[in-house]
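To start, the structure under review is shown below, and the notes come after it.
The values are calculated or read from the model by the stated rules, or taken from the named source; none is laboratory data. Note that the structure is a prediction, hence the values are computed from the model and not measured. Reconstructed Cβ throughout: ideal geometry from the backbone, glycine too, with neighbour counts over all protein chains shown. Each accessible area value is taken on the protein alone, full model and side chains, heavy atoms only, with ligands, DNA and RNA left out. Shrake-Rupley method; radii C 1.70, N 1.55, O 1.52, S 1.80 Å.
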Amino acid sequence: MTKQVGPAFHAATGYTLVDTSHGSGTLAADIKNKVAVADVFVSASPSDDTILEGTANGNWVSWYAAFASSPEVLGYYPKSKFAKDLQTMPWYKVITMPGFRLGRTNPSQDPGGVLAAEALEETATAQNLPALKTLATETSDEYAEDPEEADIQTGQLDGAFMYEADANSQDSPFVKLTGTNLAGNYTITLVNNAPHQPAAEAFIKFLLGPTGQAEMKADNFNIVSPAMVTGSGVPSGLTSLLGS
């Protein structure tokens, strides 16, 4: 969003993107509790849109559109002493080696953290590795999204669960989570009573249009085209972009 999409959006429309990046569960809670003001909400899981739906939740969102997905992978620090092991051995064996520093986000704040826990739980059962089940339940390896990404780039962590698109955007090498099939499913919506609605609609059009999709494809997002809507109340200016 900040490196590619934001500058391209500004060049195309004159509008400036102000991006706040956190776990989408945290962002949804901040919008709901009026801690943050948003025009557009992008989530990595449809379940976080439901936090903002309905009268009890403030009616912040009445629809959302699924527009892309990205597999959950294990990114790693290229100079880690475990880097060669990750290239040659199953990921689930390497992360339990003594001294391996693993990071994942908090499942209550970020869908990626939910997927990381699922990957550990599923693989623990499939491979009969109780140590993975322990990793799935302890909290010492939980990080907020931004510090986790920074620590994997500086070597404070040996490996961290992340989306493949995130690994590509920050040039982190990664290994696929063999034995699992987990992905972040991205949605976008216009927040009700958005203070900058014309700019918000312009951004959604841009992101779901050819230039925005090309930027996402460059980071290996799997594109859903047309983006598929759940709910009702899509502004008339956006209906031509969206499927149902």
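Points 7 angstrom from Cα along the Cβ direction at ALA218 and GLN87: gap in nanometres?
Taking the simple label geometry, ALA218 and GLN87 are separated by 2.7 nm.
Give LYS3/LYS133; LYS3/LYS84; LYS79/LYS133; LYS3/LYS176; LYS84/LYS205 a once-over and call out the pairs whose C-alpha atoms are over 32 Å from each other. Provide the component values of the computation, followed by the final result.
Working: LYS3/LYS133 36 Å; LYS3/LYS84 30 Å; LYS79/LYS133 27 Å; LYS3/LYS176 25 Å; LYS84/LYS205 43 Å.
Listed pairs above 32 Å: LYS3/LYS133; LYS84/LYS205.
Express the accessible area of the chain per residue in Å², computed with a 1.4 Å probe while the remaining protein chains stay in the model.
Accessible area per residue, the chain: 47 Å².
Show SER70, SER47, SER240 ordered by accessible area, largest first, where the area counts protein heavy atoms only and the probe is 1.4 Å. Kindly include the intermediate steps, with their values, before the conclusion.
Details: SER70 0, SER47 70, SER240 110 Å².
If we order SER70, SER47, SER240 from most to least accessible, we get SER240, SER47, SER70.
For ASN57 and THR211, FRET efficiency with R0 = 41 Å and r from the beta-carbon atoms, rounded to 0.05?
Details: r = 33 Å, r/R0 = 0.81.
My answer for the efficiency is 0.80.
Taking the Cα centre of the range 161-244 as origin, sum charge times position over the Cβ atoms of Lys and Arg (+1) and Asp and Glu (-1), and report the length of that vector in debye to the nearest 20. If you can, show how the numbers build up before the last one.
Numbers: 3 positive and 6 negative charges, 42 e Å.
Dipole magnitude for the range 161-244 comes out near 200 debye.
Of (i) 34, 19, 16; (ii) 31, 17, 17; (iii) 24, 22, 17, which one was derived for semi-axes √(5λ) of the Cα gyration tensor in Å from the structure shown?
Evaluating semi-axes √(5λ) of the Cα gyration tensor in Å on these atoms matches (i).
If I model a spin label as a point 7 Å beyond the Cα along the Cα-Cβ vector, how far apart are those points for ALA126 and HIS10 in nm?
My value for the distance between the label points is 4.3 nm.
How large is the helix-only mean residue ellipticity at 222 nm for the chain, computed as the sum of -39500 (n - 2.57) over DSSP H runs with n ≥ 4, divided by its residue count, in deg cm²/dmol to the nearest 500? Kindly include the intermediate steps, with their values, before the conclusion.
Details: 11 runs with 94 residues, N = 244.
Taken over the chain, the calculation gives -10500 deg cm²/dmol.
Could you pull the Cα extents of the range 119-183 along its three principal axes, largest to smallest, in whole Å?
The Cα atoms of the range 119-183 stretch 33, 25, 17 Å along the principal axes, largest first.
Counting only protein heavy atoms, what percent of the accessible surface of the range 1-73 is carbon or sulfur at a 1.4 Å probe?
Numbers: 1880 of 3420 Å².
Of the solvent-accessible surface of the range 1-73, carbon and sulfur hold 55 percent.
Counting only protein heavy atoms and a 1.4 Å probe, tell me what percentage of the range 82-166's accessible area is made up of carbon and sulfur. Each step should come with its number before you reach the end.
Working: 1900 of 3780 Å².
Carbon plus sulfur share of accessible area: 50 percent.
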